[in-house]
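Asker: Pasting a structure here, questions to come.
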Amino acid sequence: MPEPLHHPASYRDPSGFVFQAGGIYYRQVNQSYAADYEKLMTSGLYTTLVKNNWLIEHHEIPENLTASADWYKTLRPARLDLITYPYEWCFRQLQDAALLTLAILTESIRQDMILKDASPYNIQFPRGKPLFIDTLSFEKYDATLPWVAYRQFCECFLFPLYLAHYCGIDTGKILTAYPDGIPAGITARLLPRKTRFNPGALMHVHLQNIVRPTTGAGKTPVFSRQKLMHLIQNLKSITARLKPRPAPHSAWSNYYEDTILSRQYLDEKQRLFRDFISGLPFLTAIDMGANDGFFSLILSEKPEVSITSIDADAACISRLYNTIREKNIPNILPLCIDILLPSPAIGFRNNERSSFNDRFRAELVVALALIHHLVLAANIPLRDIPQYLAALSTGWLIIEFVPLEDEKAQELIRNKHRWHLPYDISSFEQYFEEYFSIGKKSKIPGTERILYLMKKRNS
Amino acid sequence: MIRAILLYIDPGSGSYLIQVIIAAILGVAFYFRNLWWKFRSFFSKNKKDHPPKNDSENA
């Protein structure tokens, strides 16, 4: 068996750690966590949480794969195809993750256990719904103590949601700047003055700013189960009632309604798209610049396919997430990622949370109505784009070429006097032919735009 | 203007002191809420006006 690779993000918890061996992820349980682990498994808590689809399921492996002296058990959790981070989620995804954390917390306390941390990194979205993945986060509940993870819950979940609610700041942007949570002091200063009169904000934000910890002798505060349940209930009702403050009209919100192009364009494009994907044997897809997810939803009609829908606009991704929750669509994961500013690798040694580039690959990459934004608006030379898309795709590419004469392209260059050349069909095809072979090509009737289906060349 | 309350040690990590204060506030709030519900249910024959059985306190 190859040498197990200890996952870099997993070093912080002495109870155990995640590692990879033979391409499979495992979680080792250390001796120090043995009692808590057994309580989790035998008390019925694990069973309940897994039955509710709240906690990731795992199997126990009897071998000590890492040959460490501290070994107690090895767990093999259910496979996750893609890891995403809270700074890539929209408001409602963060909110759902927060509510799941509180729901698990409540259930745990019923079984005499408690969560020792409340971090959004403990949650993933494998089937479009939040799932708690940190099996070692449970510990025996001591009713005389308050919740050790309360501050973390506030800084990572509640405060970003508050800032989105009152100030209209994207939760993703806040967590990009503060990946380990935004402190109460800063949150208090950013929130409008009127929040000092809101009971929830007063208690959870402003109070932490006013009351300062002190060193020196002090009594241990007295707490109780009932007090904790009141606190959790309060957090639940506050969290559930927050809504993202609508941003000023976003440029992409009504892209297809406002389009100067005809209704015919959308219908024809849809017809061609369906034709291109029928019979194409792909199991994973990335929809780049997905907007409201119109084409992602078409892809999701194939139940065997997993789709990741990416757009920089949080309002669009929010709408798509609302749609998939309402309609219970399990195979789309919407994410707020700007492909011009994709998630970097962060954490200790830039190694704890991996970059967008390292995590995202798909058999089919869909890049509709995108290329003119990259070249004409973002000034990325046309020549550099095929290589980028070839790195993302392991199979096919469906891409729409938007010529310079197109109304939308004209809008983009209206106030510019220079943009990257060449930008025309023959150069487009020439550059892409280096990395892909063009399979199908079709003009979208009603426009001068061309839809391509390409296959990646094996190098 | 509230002055800083310097009584207990706050372990820093969990904001224990804050939780104690919040729990106290909520305790008062829940007390009056239950009082109000009992008052309301006394006058109403509607089932929905009676305090819910499965309250957070019974968790």
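The values are calculated or read from the model by the stated rules, or taken from the named source; none is laboratory data. Here the structure is a predicted model, which means the values were calculated and not measured. Reconstructed Cβ throughout: ideal geometry from the backbone, glycine too, with neighbour counts over all protein chains shown.
A quick yes/no check of all residues on (1) farther than 25 Å from A:GLN270 by Cβ; (2) surrounded by 20 or more Cβ atoms within 10 Å (Cβ to Cβ); (3) free of Cβ contacts under 8 Å to residues at least 12 places away in the same chain:
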position: A:SER343; (1), (2), (3): yes, yes, no
position: A:ILE346; (1), (2), (3): yes, no, no
position: A:SER355; (1), (2), (3): yes, no, no
position: A:HIS372; (1), (2), (3): no, yes, no
position: A:GLN387; (1), (2), (3): yes, no, no
position: A:ALA391; (1), (2), (3): yes, no, no
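Asker: Continuing with this model, one more query. Please note which helices (runs of 4 or more DSSP H) are completely contained in segment A:105-186 and include at least 2 residues that are of a type in the set (Phe, Trp, Tyr) and within 24 Å of A:TYR33 (Cα to Cα).
Answerer: Here the list reads A:150-153.
Asker: A further question follows. Looking only at segment A:402-421, count every residue that is assigned to a loop (DSSP other than H, G, I, E, B), surrounded by 14 or more Cβ atoms within 10 Å (Cβ to Cβ) and at pLDDT 90 or above and tell me the total.
Answerer: 4
Asker: What are the pairs, 6+ residues apart or on separate chains, where a residue within segment A:130-159 that is within 12 Å of another protein chain (Cβ to nearest Cβ) and β-branched (Val, Ile, Thr) has its Cβ under 9 Å from a residue that is part of a strand (DSSP E or B) and crowded, with 24+ Cβ neighbours inside 10 Å?
Answerer: From residues that are within 12 Å of another protein chain (Cβ to nearest Cβ) and β-branched (Val, Ile, Thr), the pairs are A:VAL148/A:LEU115.
Asker: Being of a type in the set (Lys, Arg), farther than 21 Å from A:MET113 by Cβ and either free of Cβ contacts under 8 Å to residues at least 12 places away in the same chain or assigned to a helix (DSSP H, G or I) (or both) is the filter here, so list the residues in segment A:225-245 that pass it.
Answerer: Passing the criteria: only A:ARG241.
Asker: Scan segment A:159-178 for residues that are among the hydroxyl-bearing types (Ser, Thr, Tyr) and either at pLDDT below 95 or surrounded by fewer than 18 Cβ atoms within 10 Å (Cβ to Cβ) (or both) and jot them down.
Answerer: Within segment A:159-178, A:THR176, A:TYR178 qualify.
Asker: Go through segment A:336-385 and report how many residues are in a loop (DSSP other than H, G, I, E, B) and more than 20 Å from the chain's Cα centre (by Cα).
Answerer: The total comes to 7.
Asker: Right, here's the next one. Which residue is surrounded by the most Cβ atoms within 10 Å (Cβ to Cβ), if the candidates are limited to segment A:112-123 and must be more than 11 Å from chain B (Cβ to nearest Cβ) and of a type outside the set (A, V, I, L, M, F, W, C)?
Answerer: The qualifying residue surrounded by the most Cβ atoms within 10 Å (Cβ to Cβ) is A:PRO120.
Asker: Being touching a Pro at 6+ places or on another chain (Cβ under 6 Å) and touching a residue at least 12 places away in the same chain (Cβ under 8 Å) is true for just one of A:LEU191, A:LEU175. Which residue is that?
Answerer: A:LEU175
Asker: Moving on. Give just the number: which of (1) within 15 Å of A:SER393 (Cβ to Cβ); (2) free of Cβ contacts under 8 Å to residues at least 12 places away in the same chain does A:GLN430 not satisfy?
Answerer: (1)
Asker: Still on this structure: Name the residue that is farthest from A:SER224 (Cα to Cα), counting only residues in segment A:124-158 that are hydroxyl-bearing (Ser, Thr, Tyr) and surrounded by 22 or more Cβ atoms within 10 Å (Cβ to Cβ).
Answerer: Here the answer is A:THR135.
Asker: Continuing with this model, one more query. Can you tell me how many residues within segment A:270-317 are among the small types (Gly, Ala, Ser), within 14 Å of A:LEU368 (Cβ to Cβ) and modelled with pLDDT under 95?
Answerer: 3
Asker: Now for a separate question. Condition test on A:LEU421, is it touching a Ser or Thr at 6+ places or on another chain (Cβ under 6 Å) and assigned by TED's automatic domain parsing to the domain that holds A:VAL366?
Answerer: So A:LEU421 does not fit the description; no.
Asker: Taking strands (runs of 3 or more DSSP E) that fall entirely within segment A:1-100, which contain at least 3 residues that are modelled with pLDDT of 95 or more and acidic (Asp, Glu)?
Answerer: Where strands (runs of 3 or more DSSP E) fall fully within segment A:1-100, none carries at least 3 residues being modelled with pLDDT of 95 or more and acidic (Asp, Glu).
Asker: For the subset of segment A:74-111 comprising residues that are small (Gly, Ala, Ser) and within 13 Å of chain B (Cβ to nearest Cβ), which member is farthest from A:ASP338 (Cα to Cα)?
Answerer: Ranking the candidates gives A:SER108 first.
Asker: Out of segment B:6-59, which residues are modelled with pLDDT under 60, facing another protein chain (nearest Cβ under 10 Å) and in a loop (DSSP other than H, G, I, E, B)?
Answerer: Within segment B:6-59, B:LEU6, B:LEU7, B:TYR8, B:ILE9, B:ASP10, B:PRO11, B:GLY12, B:ASP55, B:ALA59 qualify.
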